[in-house]
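Everything below concerns the one structure shown next.
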Ligand code: KG4
Ligand code: ZN
């Protein structure tokens, strides 16, 4: 059964995983390790690329050794080495992809360059190499994408954000409210004690026929509300009302996408899909619409190498590999 060692270093998480599986059968994650750099970047209010890449290069070797130990396999048993080659921060992508290529070169095994977005897209299905047809919503810090998925590797874009990504809006609003980076989980915590109907923020393009998103007007509306506010700030109400607006837009557009494409399954992935209120709203809306909902397991939502290893496994099983002199692609689209 082919064994893949995958490296993810597109942003501020350094991650290594070992994934094994066979065509048409189950896939197994033998090890997954993630070293988060969140604490390091927090004092700067966001990711500092130079710091991120320096830490990737410090952390990678011990993490590869840790993952191999956790899986109980030797590096010689690995059948292919994979790394995220885009999209992401150029200097961060270079570290992980160069490491995976060096391992591939030294062991004379194939290398696979993987699109980070394909990793997220397939993350709800890690564990089974047969990916069913579905509508996928990827909601992360850098991307908000709706896709029609016929099968693994066969994607059609239905919609995307015209400005900020959903996670980016969470992070920027978090900053406005004086919350630590990243804003998403902090807003979710605060919103639990707030009234989601306290402020009616705009739901941009909610009723438009197309399936694109826009979150920058919503972010500005929160800013204007903050500037007009006199007296103590009702932070929990602001957080809950902002979160509610994002959720309503994501749910409505995704279900519209399912309706248009005739798909009966919806899959959610990416860091924002960790949000419990979002998961709850999707569960209810999908049940009402008679659509099956598949959500990535929490440990697969934020950046990790298991999802990259799973995407690489499916490509390896399909007979694909990437050239060792291939470049990284910071702005790589999924399709
Ligand atoms: O998928 P991810 O780890 O990285 C990217 O590929 O971008 O997603 C990180 C994003 C951040 O914007 C973070 O604020 C958001 O996911 N996030 C959340 C939650 N947890 C993480 N957003 C809303 N609610 C959460 N609980
Ligand atoms: Zn990501």
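What percent does the relative contact order of segment 134-295 come to when contacts are Cα pairs within less than 8 Å and at least six residues apart?
28 percent
Just the number, please: percent antiparallel of the DSSP beta bridges in the chain, rounded to the nearest 5.
Counting only bridges with both partners in the chain, antiparallel ones make up about 60 percent.
Using only the Cα atoms of segment 274-335, construct the convex hull and provide its projected area averaged over every direction, in square nanometres to one decimal.
Averaging across all directions leaves 6.6 nm² for the Cα convex hull.
Three principal axis extents, largest first, for the C-alpha atoms of segment 48-87, in Å?
Its Cα atoms span 35, 20, 12 Å along the three principal axes.
Is segment 1-146 best put as rounded, prolate or oblate by its Cα gyration tensor, with a ≥ b ≥ c the root eigenvalues, rounded for a/c under 1.5, and otherwise prolate when a/b is larger than b/c, oblate when not?
Oblate.
Gap in Å between the Cα centre of segment 188-247 and the Cα centre of segment 253-309?
Cα centroid of segment 253-309 versus Cα centroid of segment 188-247: 21 Å apart.
Apply the a/c threshold of 1.5 to the C-alpha gyration tensor of segment 179-335 and tell me whether it is rounded, prolate or oblate.
prolate
Below 8 Å, C-alpha to C-alpha, sequence gap of six or more: please give me the relative contact order for the chain in percent.
25 percent
For segment 239-286, just say rounded, prolate or oblate: build the C-alpha gyration tensor, square-root its eigenvalues into a ≥ b ≥ c, call rounded for a/c under 1.5, and beyond that prolate if a/b exceeds b/c, oblate if not.
Judged from the Cα gyration tensor, segment 239-286 comes out prolate (a/c at least 1.5, a/b above b/c).
How much of the pair distance distribution for the chain lies past 33 Å, counting alpha-carbon pairs only, in percent?
For the chain, the fraction of Cα-Cα distances above 33 Å is 27 percent.
Using a Gaussian network model on the chain with a 10 Å cutoff between Cα atoms, which of 268, 278, 93 fluctuates the most?
For the chain, modelled as a Gaussian network with Cα springs under 10 Å, the answer is 278.
Test of understanding: express the Cα radius of gyration of segment 164-224 as a ratio to 2.2 N^0.38 Å, with N the residue count.
Compared with the compact-globule rule of thumb, segment 164-224 sits at 1.16.
Provide the packing ranking of 153-160, 128-135, i.e. peptides ordered by the mean count of other C-beta atoms within 10 Å per residue, highest first.
Sorting 153-160, 128-135 by mean packing, highest first, produces 128-135, 153-160.
Where a number appears in this text, it was derived from the coordinates with a stated rule and is not lab data. Bear in mind the structure is a predicted one, so any value in this text is a computation, not a measurement. All Cβ positions, glycine included, derive from the backbone under ideal geometry; neighbour counts span all protein chains shown.
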